[in-house]
Amino acid sequence: MSGHEAIVSMLLERNDVNPDKPDKWCRTPLSRAGESGHEAVVRMLLERNDVNPDKPGGDRQTPLTWASWSGREGVVRMLLERNDVDPDKPDRHGRTILLCASGRGHEGVVRILLERNDVDPNRRDLFGLTPRLWASLRGHEGVVRMLLE
């Protein structure tokens, strides 16, 4: 998806198009649009009843995982406004949304997640890494500082 809202709108009007169908890499249109930061397309998909906003794909990564991994604050906020999106859901390796954002140094996404009561900042992945440890290993000083507060 390249953010072409008019094309997406035309496709969504068709009965023979499944807007929640994963591609060959197990990624849904919502996860692709979220990763790329195409907020208008994300909004269009979230307005539909036939799109699962928390649908896990390959390695059990959700649209929120991909948006946080890419530092897409606007998309992260849109997804977190929904009650049917779990902000602390781990992927196949036990990596949470916060762990992904911390490891990539996305301070804005980390800040959004830390404002919530349903995100555990000390949760370990299957390899024993916490968000703070992963941010430290990657030299993301600002993220480490936020996680220490």
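The values are calculated or read from the model by the stated rules, or taken from the named source; none is laboratory data. Since the structure is predicted, the reported quantities are computational estimates derived from the model, not experimental observations. Note: ideal-geometry Cβ built from the backbone for every residue, glycine included; neighbour counts use all protein chains shown.
Values for this structure:
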| quantity | calculated |
| --- | --- |
| Filter result for the condition that a residue is more than 10 Å from the chain's Cα centre (by Cα) and modelled with pLDDT of 95 or more, over L80, L98, L126 | L126 |
| Test: V119 is without any contact (Cβ under 8 Å) to a residue 40 or more places away in the chain, out of contact with any Cys (no Cβ under 9 Å at 6 or more places or on another chain) and either farther than 30 Å from V8 by Cα or buried (at least 24 other Cβ atoms within 10 Å of the Cβ) (or both) | yes |
| Leading residue by the ranking (surrounded by the fewest Cβ atoms within 10 Å (Cβ to Cβ)) among those in the stretch 139-149 that are over 18 Å from G94 (Cβ atoms) and within 21 Å of the chain's Cα centre (by Cα) | G142 |
| Candidate set from the stretch 101-132 (those that are of a type in the set (G, A, S) and assigned to a loop (DSSP other than H, G, I, E, B)); member that is farthest from D59 (Cα to Cα) | G105 |
| Number of the condition not met by V110 [criteria: (1) in contact with a Gly (Cβ under 6 Å, 6 or more places away or on another chain); (2) crowded, with 24+ Cβ neighbours inside 10 Å; (3) not polar (S, T, N, Q)] | (1) |
| Breaking point among (1) free of Cβ contacts under 8 Å to residues at least 12 places away in the same chain; (2) in a loop (DSSP other than H, G, I, E, B), for S136 | (2) |
| Helices (runs of 4 or more DSSP H) completely within the stretch 10-73 that count 1 or more residues being basic (K, R) and touching a residue at least 40 places away in the same chain (Cβ under 8 Å) | none |
| Residue within the stretch 98-105 that is touching a Lys or Arg at 6+ places or on another chain (Cβ under 9 Å), farther than 30 Å from L12 by Cβ and hydrophobic (A, V, I, L, M, F, W, C) present | yes |
| Number of the exception - R104 against (1) modelled with pLDDT of 95 or more; (2) closer than 24 Å to P22 by Cα; (3) among the basic types (K, R) | (2) |
| Among the candidates R95, R82, residue that is among the basic types (K, R) and crowded, with 21+ Cβ neighbours inside 10 Å | R95 |
| Residue in the stretch 93-100 that is part of a loop (DSSP other than H, G, I, E, B), in contact with a Pro (Cβ under 7 Å, 6 or more places away or on another chain) and of a type in the set (S, T, Y) present | yes |
